[in-house]
Each structure stands twice: as C-alpha cells, then as structure tokens.
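Written below as structure tokens is the structure these notes are about.
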Protein chains: 6
Amino acid sequence: MNAVSRPSGRASDQLRPVTIERHYTRHAEGSVLVSFGDTRVLCTASVEDRVPPWLRGKGEGWVTAEYGMLPRATSSRTQREAARGGQGGRTQEIQRLIGRSLRACVDRQALGERVITLDCDVIQADGGTRTAAITGAYVALVDAVNVLMKRENLRRNPVFGAIAAVSVGIYQGMPVLDLDYAEDSSCDTDMNVVMNDGGGFIEVQGTAEGHAFRRDEMDSLLRLADQGIGELVAAQRAALAQG
Amino acid sequence: MNAVSRPSGRASDQLRPVTIERHYTRHAEGSVLVSFGDTRVLCTASVEDRVPPWLRGKGEGWVTAEYGMLPRATSSRTQREAARGGQGGRTQEIQRLIGRSLRACVDRQALGERVITLDCDVIQADGGTRTAAITGAYVALVDAVNVLMKRENLRRNPVFGAIAAVSVGIYQGMPVLDLDYAEDSSCDTDMNVVMNDGGGFIEVQGTAEGHAFRRDEMDSLLRLADQGIGELVAAQRAALAQG
Amino acid sequence: MNAVSRPSGRASDQLRPVTIERHYTRHAEGSVLVSFGDTRVLCTASVEDRVPPWLRGKGEGWVTAEYGMLPRATSSRTQREAARGGQGGRTQEIQRLIGRSLRACVDRQALGERVITLDCDVIQADGGTRTAAITGAYVALVDAVNVLMKRENLRRNPVFGAIAAVSVGIYQGMPVLDLDYAEDSSCDTDMNVVMNDGGGFIEVQGTAEGHAFRRDEMDSLLRLADQGIGELVAAQRAALAQG
Amino acid sequence: MNAVSRPSGRASDQLRPVTIERHYTRHAEGSVLVSFGDTRVLCTASVEDRVPPWLRGKGEGWVTAEYGMLPRATSSRTQREAARGGQGGRTQEIQRLIGRSLRACVDRQALGERVITLDCDVIQADGGTRTAAITGAYVALVDAVNVLMKRENLRRNPVFGAIAAVSVGIYQGMPVLDLDYAEDSSCDTDMNVVMNDGGGFIEVQGTAEGHAFRRDEMDSLLRLADQGIGELVAAQRAALAQG
Amino acid sequence: MNAVSRPSGRASDQLRPVTIERHYTRHAEGSVLVSFGDTRVLCTASVEDRVPPWLRGKGEGWVTAEYGMLPRATSSRTQREAARGGQGGRTQEIQRLIGRSLRACVDRQALGERVITLDCDVIQADGGTRTAAITGAYVALVDAVNVLMKRENLRRNPVFGAIAAVSVGIYQGMPVLDLDYAEDSSCDTDMNVVMNDGGGFIEVQGTAEGHAFRRDEMDSLLRLADQGIGELVAAQRAALAQG
Amino acid sequence: MNAVSRPSGRASDQLRPVTIERHYTRHAEGSVLVSFGDTRVLCTASVEDRVPPWLRGKGEGWVTAEYGMLPRATSSRTQREAARGGQGGRTQEIQRLIGRSLRACVDRQALGERVITLDCDVIQADGGTRTAAITGAYVALVDAVNVLMKRENLRRNPVFGAIAAVSVGIYQGMPVLDLDYAEDSSCDTDMNVVMNDGGGFIEVQGTAEGHAFRRDEMDSLLRLADQGIGELVAAQRAALAQG
C-alpha cells in the first residue's frame, strides 16, 4: 500500500491547504473566497425579501444555490453556459446538491419569508469544486444571517450547526482524502460526502468510475471523510472567529 | 421499533411485487416494461451505428440514457418537459445516473463504434422510478446486445455481470427497503443504491431529508439494499431465461 | 381495381383491430390505452381547477391536448423533443387538431371554470397515431367528466355526442380505410377525418402526396371515413358500457 | 337564405379584389406583393445552392416555406415571435402547409440540388393570409425558377401547372367564398382549399368552428372553392404575362 | 480629395432620396414606410394601455422599439430570427438604440401609463437601416400620439422636438454622408449619429473598421451629420404637414 | 463650475485608482484582474487552434470576447444569464464592443488560424465595467500572444499598438472622467471611448441620458477621454514591464 504516492505528494489522509477569505466582495451579505489548494470558489450569499410561489403565506423561508464556472477556470476553455442557452446537467446536479446540503442547517421558520441564494462561482478549478463550494457557502450563509439578525432583529438564529463537504476516493487502490484534478480524473471510485459538525451524514454520493467498490473500501472512505470534515469545520470556525 | 408499520403493510425488508415484461413494444432492439408495485417504467434499448463526436475513430462504443415521465404518471399533472422547453435538473440528474450505472457492466471496446440509448419512460409513478428504470434498462440492454451479437457477429459479449438498483430509507425511524411514494414523501433519509451481481457498489446516493443520518443507520440501509438487489438480480435472470 | 392488395391483406374498407382499454393508469381522471392494430396510444384526461388567462372570470372551461411520441415508438429512434428543446411543428399541428376536435363535443359553460388536458402519448407507432389519439381521448374525456360529475355535482353533462377519427387514403389507386405505416408512407393521398356520431364533419384534412386528387376520389374517401367512424363510435360505446 | 348579407357587401361567391405585384423588392429571385382585399402578403422566393442534409447526393432539390406576421399587421399588436423565442404552433402549421402546397407543382429532379425558400410575410392581415400567401408564393416561385433557368441553363422547367388557394366557409348558414376577418372570426365552418389549374385538390383543410358541417354543405364549399381558384389562377397568369 | 467618387455618384454631402409615406398600413396608430434610397423600413407605432412591471403605479409611460429584417431584405437570404430561436446581438443592439433615441423626445409623464412600441421592419436593405428606422419611427410616433390625444384628451403633447438619424463615414479617405451598402461594407470608419431638431446630440456611435480615426476626421463627420439631419428633419416636417 | 463635487471627492479629470494584476489564474494563456476603483473584472485570454466556419482556409485568425457578471457583483442580486436561458441585449452589446475594440490592434494574418477568446467576468461592479474590461483584456491578450510566440515560433507579433478604454460623462453639468456607479446612474450624458496609444479613436459611444449634449460638451468629453486613456496605457505598460 505504501508504494502508491499521490501526484501532489500528500499523505493519503491529508487535505490540501484550505483558506477561507471572508468579505471578498462588498455588495453581498456574505462573500467568501474559499480555496482547497488550487481550487478557488467565490461563494456569495444574497438575502431577498421574497419567497418562491409555493411558499407564499406559509411563514417559512428558503435557501437555494446556483453554481457556475468561469469559462477559463479549467485547463481548456469551457463554453459559457449563458452563451449555450442554459445550464447543463452537471451544473444543475451540483447546484441542487449545494442547496440541499445547506438547507440541512437552516431552520426555515426562524428565517421567515426570505430567500437566501448561495452563488458559487468557480474562479479556478483543480478538482473538488462542489465540496469547496459547500464548505465556503456555509461561511457566507452564516455571515448573511448575521447581517440579517442585526438588521431585522430576528428572534432566533436560523442556522444550527455547521456543514462541510469533502471528496474521497480510491486512487490506484488506495483510499485518499480530498482529490485534486490529477487524482480525480484517473481514480477508480469518487465519493462526495457532506456532513454536519455532529458527525451526521447529510449527503453521500459515491460513484464507481472503474471497478465496483467493496463494502470495506466504502468504510475506509467514510472514515477519511469524517476526519477531513472535522478539519474543515475547524477551518470554518477559525475564519468566522475573525472580526 | 416494531410498532412502526409501513403504509403498504410490507415488512421492512420486503420489496414490492416486481414484474419484468420483455418485448413490450416491437421496434426497439430491447423493450422492457418493469414494475415495482405501482411504479411502471418502459425501458427501451436502441442501437445506432454512430458514436458521439468525442469517440470518433477510437474503436469504442457508448451507452447513454434518457429519462422522461408522462405528464399524468403522477397524482397531479406535471407539465410536459418538451412543452416547457427543456429537461429539468431532476430529469438530467436521473438520466445521468442511469447512463453511468449501465456503463458499469459494458465493455465499450467489445461493443465497437455504436451507441446504445436506454430510454426510460415512466408510465405510472409510485416512488422508486429511477431504481426501477435501472433494473429494467439492464434487461433491455441485454436483449439489445443479444440482437446485435446475432446480427453483427461480435467476437465477444460486451455485457459483463448484472446491474440492479433499489431505494432504501429511514421511515419513522425504521430502515426500510424499496420506498413507495407514501414513504418517500415523508421519510427522513432516502438512499438509492446501484450494485452489481458480485455485491460491488456502483453508485450510492444518500440524502438526509429530515435529520442527518448516523453511521450505524447507513450500515443498516446498505445491508437492506444488498439483500434487495440480490432479489432483483434473480428476477432479471428469471425474465431473461424465458424465450 | 381488385388487383391491388393491401400490405396487411385487409379489405379496402376494413379497419385494423381496435381495442380500447380504460383505467390503464391509476392517477388520471380518465386513462385509456387505445390500439389501432400495432399503433398504441395512451390517452389520459386530467382535470384542473384553473382556466387559461384569457378565460378568467367568464364562467367557461377549456379542453386542450398535448401529443408526444416515445423515442422508440418508431422503427428508428426519434430524438426526444424535451432534449431537443421544444415541440416540433408536426407535434404542435397534431395536438392543436386533437384539442379542436374534442372541444367540438364539449359545452364549455357546463364544464365551468376548469381545464381538461388530454395527453396523448404514442407508445408504439404504425400509422394513424393522431386518429387513434382522438378516438381514445374521447373515451378518456368521458371518464374524466364522469368523475367530475360525481365529485362536483355538475348540473348537466358537458359532453354531448361522440367524436372519433380515422384516416383514409388512396393506395396504389385504390381508396382504403385506416392506413398503416406501410400504406401511409407510400400512398398518393392521405386524409384524416374527424366526425361526430351524428355523421357531421368536425375536421377534414386531406393532402395530396403524389398527384392531386379528383373530386370523385374525395367522395369515395369521405364515404369510407363515414363508415369507419361508425364502427369506431360503436367500439367507444362498447368500451364505455363496461363497468 | 338570401336574407344573409356579408359584412363587406360582397356576393356569396365573390372574391375580394386581388392584386399581384411582381418585383416588389429587388434582392430576391422572386418577389411578389399579393393582396386579397386588405390582406397583404409579401412573398419572396430565394434560391440557394444547397440541399438539406437528408437530400445530399440524391440529385434532387427542395422547396420550403416560412411564414411570419409583422407585429402590427393585426388590429392589436401581436408579440414578435423572434422576441418570444420561437415560432408558435399556428405559424409552423401554416408554413408547413405552404411548403407542401408549392412542392405539388415542382419536379424536384428537374430543380437539381437547390433549395427554394418561399418567405411569406404578412404586412397587413384581414383574413385569408395563408391562402393569399400560397397564391402569391406561386408567382414568386415561377419568377425565381425563370431566373434560375436563364442563369443555370436547366434542361427543363421544374414547375408544372399552377397552384392557388382560397378559403371558403359557412357564414350565418350561407356558404361564402374568400372570408375576410369579420366573417372568419364568426363563421361556423372554415375551409382552406389548395388546388391546381387542372381542378385537382392539393390540400383540403376544413374545420367546424361552431356546429359540425354536413356533407351537402361540404359539397357547396368545394364548388365555391373550385370557382374561386379558377379566378385566382387567371389572375396569376395575367400577372405573369406582364414583362 | 476630389479624385474619390462614391459608388452611387453622389456628392460627399448628399443624402439618398428620402421618402416618408404615412398611413402605410391601416391597423397601427402610426404606420410609416420610410426610404433612404433602396433602404425601405416599415415603422409602426402601437399604443397599449399597460406599462412594464417596473413602472406600475408611477404615472409614467414607456416607449420601446423592436427591429427586424425580412429574410430576403438582403442580397442573400438571412435566416429568420424566429426560426433561429431568438433575436441576435445585432438586432438587440439596434432596437435598444432606436428605443433610447425616441425616448429622448417624449415626456413620459405626459404620456401617462401607456406603452408605445415602435416596430421597425426592414423590407429592403441597402445600408443605413437603423438610421432610416429612427427617422421613420419618429413620424409614426407623432401620428400615434396625435391619435392618442384625440382619443384620450391628454392635457399636453408628450412629444417635444424632433429626432432623426443618419450615418456618416470615411470612404476611401473621404468623409461622406448617408452610406449605402456598397460604401458601408468597405469604409474605414462608420458612425451613426442621432440628433434632435435643436442641433443637440442624442447618440453618437462611431466605429473604426479599418484604421483608427483622428480627431479632425471626427469633426468632419459630425459636421456632415449635422447637415444631413437638418435635411431629414425638414423631410419629417413636410410629411407631417400633409393631411 | 467649481461648486459641483463628485460623490467620490475626485477631481473632474481624475481616474479611480487602477490596478492590473497579471497571472491571476493559472490555466489561461493570459489572466488579468483589473480594477478601476471598486470595479473588478477578471479578463482571461484563451488560445484555441480553430477558426470560426467563415474563416476556414483563409490563413487568418479571429479575436472575440464574452462578457459576464457574477450574480452578486451588483448591489442587488441579478439573475444568472445561464439560468435565464441566454445572454441579454446589454451583455451582447458589451461583448461585441470588447471584441471589435481588441481586434483593432491585432494583425489577424500574423495570428494565423487561431481564435483568441477574451472572457471578461465582472467580479464586482461599480460603474465602468466595459471600459475596465477592454483595458484589462488588452493586457491578457498581450500575455496570451507572448505565450503563443514562444510556443509556436510565430514570425511576427500579431499585436500592434495598445488599446484602452474609459468612460466620460456630464455629471451635474460638469464633464468628468471615469464615472463610478453613483455618477453613472444620475449623469446627463455617458460616453465610452476606446482609443489606441497613438491617440486614434477606435470606438466612441455617447448617449444623452437626460438632455441632448452640445458640440462643445462633446469636445470637452473627448479631451478628458484622451487624457485618461493616456494614463491607462501607461498603467498597462507598467504592468507588462513586470516579469
């Protein structure tokens, strides 16, 4: 097992350097630039005093997400979705995942009749954009809710707990944490895991790329994810502890 | 725990009645009507002698899927996607899942430069449409490949193993197998599991709808899925054994 | 004239076997699987308590139709309209025809402010899908209106008379009834006729595919249509007479 | 019966004044402004040296049509289809009819591998736009083919015979020829008839708007159409006889 | 400088013949066919008693424009935008320019809560379609406002001053007025200028096609534009002075 | 005149602080983050070895641009164009302007059969996004061309001269340079000017928002633009002089 080395030289259970920069842009209620190594995602949280039609008059709010990738975030240029006439299947799948994940830490009644939209735009991609987006969007959400609490005098904080996400996978037979693009494009199994700070699972999405994965491999992956998410939650806390 | 009873009266580890009707329509190379209880999906496999642009000249084939739901497959009418101007995010997510799952049992070099398209159209919905679709599409795929082997004299069978799928979830605190709509719309956790006949995982997609799920709950769900998929693979074999 | 034989061996004035299966799916207020030989169309009638914007507050209802074809209803796969981004010209022309035809037997004031949508989805195509759709949709409409009359206590039945449709054409010089695909794709003239049970014309759409048709040929076609529709109306009645 | 008078004061078998102005614009190979009373349609015929993909290499040409209506051709403004994002069902139905009708007088082998596109744009609408369009498009087509014959030295003329169209209908119980908008919007039955100069039918599209029409009414309508088309063909000939 | 001659033989400061034909179609409140030489644009002004959502309840109206080109207005056929699925960038740019230009002579409070839509459809193109459109749309706007004043008894005329537009450019080194297509397609600099009858600038849009233009060239172009617009305003006045 | 003060306290002829950060992301051949005060635009230049269809086989290249704005670059959230189904009129107008402007400094024959795409994505908006985009895109273009020259051994540099852009306008009667959002949203006249480093004009787009602007005002604006562009070209040179 020790014979396998990761392209980046990282240990199998080692995250890439994580940075979380708050207040990156000035207009949004929450604005966070998150980096997982060379993957950089700008996550903004926007508060609007409206709800989608199906929630009108119910006294609840909504949290939703949109995901995009700048055309040259990738090694070769990707056509702009606005120019292509709509969001592709992958984009929709990712933004639905981000929205579901973040709703898992929001009390929608405490939020009141408001929508918070989490826009996650990938500035530079090197694998793991959706997990970085979820991890950064949580911080943007907390910042936006704090603005709202000051401005609107909410009775209680609608955010409970913390949410973070990480990818795990089997690279050349070895379970590894936080795949970068070099690993992601050649791994056998790829799994995205979203958890809360209490160790509960929010989402588990595992895909066998090459051969099917066994139950014991899955157990190893879930253990790695659990460890990585602990470190990411700590990074979120540290970022939020600053001014 | 025993106090919880399923709306359908089934035991927690009991599938709905499964039927697999081959040769349901006459034009497609493979045509299967699959039922998981009241969920009925028509799965057709169409063979075309072309490949997508990115595979030209590589000597490999492709397997892809499309998913649709008739407007009144559901209890209230759903707007037709063709009339709305495109496939929604849920549809794209499901058809991507079906395609990925079935590609896991196909040797694309043995297939040669051909595309097999699996069209999964829901005639009637009662929960679990995507897992029924995958389970039925596998049978349609085998039928289509057998037509192809007779017609084209392929050197070896491009399909290896079998693929089936089932949903599991936590309903009122109890892990249950093969959720119907009544359970699906009120469960705490919903997980779709795709496996092969060797017990390997192809896809695991678990979502906490209410509270986050614990590691031991996940283990129970995976055991139920493993058992259910064993029964589904047996049903596929029985169907394929008939003329 | 006798020298011409139809590909199916039918007499020139012979319909294909017609079956009308009610309650085919369980959610729709009316659900009918109609077969004209190998042509099979699922017709559902859905009742909704709303009217289009231009009818608001007028105390009248509306009947409309949508038409679709499963991708592999045809001998080679047809691209899914939802994936292509919209309904094509042929689809729109057919669904407009179905809607107009069925409105001819509905008293929209007696219906009240409701919409009944007739979804006609072709499961298998062998010519004559639009005429089968109209004939089946009528039965689905009656079933839906009966549900509505029980549920809403309407003062009078909004459906009057019966509507059925059949194709006629000139195949190798001979006027024939109810063209199948083999005839349809090589006939000289193709005419779709919609009539009511009183022998009145609702729609006549005749097209010269090869040479222009003469007035006496048109007369022969209209006589064949009149006879065929009589048989179809009898089949509708027989189906509706069952529980 | 004589008590009924038409809003325009015309006799029941009287066309509106018909004018056919050739060479209306200068770029198109054929350019005709046709008027049926206040209905004015600009019909241009454009020749292109290409064929649609499905005709490549077959040595045949194609004739197709597109139809449009300027936003304020109608009494209240209609939204521009380009702004709405596509052509509606009515537009597609009409342009398919125009294309089919004109193909009925073209020998596509004699045309060679070329497309002639007939653009019919309604400048002002007062009922009967599709029949005026077909009648005018025929003249534009002849002009374009004549240009082509001079330029390309075709061996034989691909146009045979003449095609014209007129609407007939039952207005307040009386069969009438060439309905204007006032009649069209309140008639019981509306029928568009396309014929050639030999008295053969190319298309018959009759619709019962109010009550179903009887066989004898249909016979009266067809007789009126036959007479009107004779006059329209004469007007086409007169126009084409001028330099 | 004198050595350069324009393809049309015009003097460098000479407009093409300008005609402005009012009441060209009968339904629109204002309907003007404007010609700048062979460029012919139908400009209609439509009044509607509604305002866009963002103006509701503000007591102001709106003036907007749409631009289109018939497919064979040009020397080779241009694909119809409605068939292509939407308005292209050039179309949107032009119609935004027309709308902005005309709003510069309208007191939107005096107009009241109404929209006037200026539809500018190019019947035949020979360069300068957008400037002809603006010049003609002004006359249609005045006609529509006069209808409105008679019908609605407005307290004051919402139109103040006059607006006209012309193109200028540098053709083979020589500043010229009102470019036709032959000049437009080979000029070095192309500038569209919109001015009011007081000599004020509303829009100046200059583009270097070949080499960058110098400040003294710009001054020459602006002088030519100023002169040409004086003549166009005179033509507008003359047209409006007729019954 | 001195009584008017700008919201930012700047002098009338004072640019906002300009920063040009090269190599902002790592995948693109050129990647520049440009700031005009709080307006921040990421400009990437991507080289692809293909040309648009109309240039095939002509031995020339192409330079094009796309423009986008992140949803929360603005003070309230703007809907994502990809989610809306296409690029709006303003976006298309801006990206056409950027593309035309940059093509003015490129020898397309020296570029060879390649496309350089300039993606300009607004991270934060405070007025002047299109002029910042042009100014930054020039630097990205130079970086990309330098990469290309090293990699492909081009015979000569396809970029000649420099291109920069700035906005000028009349704010409360005073001509000012480089409007920020507070000025832009309330100014009387707004003009975007694109020039090269030789003082030649590439584009001039002036719009009267409130009252028409006079010739002497235009002269003042052009002088301010000329001065500002001189400073911007100096900033471009300084940035490019760094490793």
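The values are calculated or read from the model by the stated rules, or taken from the named source; none is laboratory data. Here the structure is a predicted model, which means the values were calculated and not measured. Cβ sites come from the backbone with ideal geometry, for glycine too, and all protein chains shown count toward neighbours.
Structure notes:
- Qualifying residue in the stretch B:38-50 (condition: without any contact (Cβ under 8 Å) to a residue 12 or more places away in the chain and under 30 Å from C:Thr64 (Cα atoms)): no
- Contacts under 8 angstrom Cβ, first residue in the stretch E:11-29 being on the phi > 0 side of the Ramachandran plot, partner of a type in the set (Phe, Trp, Tyr) and surrounded by fewer than 18 Cβ atoms within 10 Å (Cβ to Cβ), 6 or more apart: none
- Residue satisfying all of: in the stretch E:214-225; within 8 Å of chain F (Cβ to nearest Cβ) and among the charged types (D, E, K, R); surrounded by the fewest Cβ atoms within 10 Å (Cβ to Cβ) among these: E:Arg215
- Boolean, E:Ala110 is farther than 22 Å from D:Cys120 by Cβ and either in contact with a Lys or Arg (Cβ under 6 Å, 6 or more places away or on another chain) or small (Gly, Ala, Ser) (or both): yes
- Residue match in the stretch F:113-132 (condition: assigned to a helix (DSSP H, G or I), closer than 19 Å to E:Ala208 by Cβ and more than 8 Å from every other protein chain (Cβ to nearest Cβ)): yes
Residue by residue, here is whether (1) under 28 Å from D:Arg40 (Cβ atoms); (2) out of contact with any Cys (no Cβ under 8 Å at 6 or more places or on another chain) holds:
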site	(1), (2)
E:Val32	yes, no
E:Thr39	yes, yes
E:Leu42	yes, no
E:Asp49	yes, yes
E:Gly59	no, yes
E:Glu66	yes, no
E:Leu70	yes, yes
E:Thr78	yes, yes
E:Gly89	no, yes
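- Within the stretch E:10-59, being more than 25 Å from D:Asp38 (Cα to Cα) and of a type in the set (A, V, I, L, M, F, W, C) holds for E:Ala11, E:Leu15, E:Val18, E:Phe36, E:Val51, E:Trp54, E:Leu55.
- Within the option set F:Asp184, F:Asp178, being of a type in the set (Asp, Glu), within 14 Å of the chain's Cα centre (by Cα) and either surrounded by fewer than 20 Cβ atoms within 10 Å (Cβ to Cβ) or over 22 Å from F:His23 (Cα atoms) (or both) holds for one residue only, F:Asp178.
- Count of residues meeting criterion [of a type outside the set (Lys, Arg) and within 16 Å of D:Ala239 (Cα to Cα)] in the stretch D:4-24: 7
- The single condition from (1) under 13 Å from the mean Cα position of the chain (by Cα); (2) farther than 22 Å from B:Arg100 by Cα; (3) β-branched (Val, Ile, Thr) that B:Val193 fails is (2).
- Counted residues, the stretch F:2-41 - those being of a type outside the set (Ser, Thr, Tyr), more than 17 Å from the chain's Cα centre (by Cα) and within 22 Å of F:Gly127 (Cα to Cα): 8
- Residue selection: E:Gly99 fails the criterion of being at pLDDT below 95 and closer than 21 Å to E:Glu203 by Cβ.
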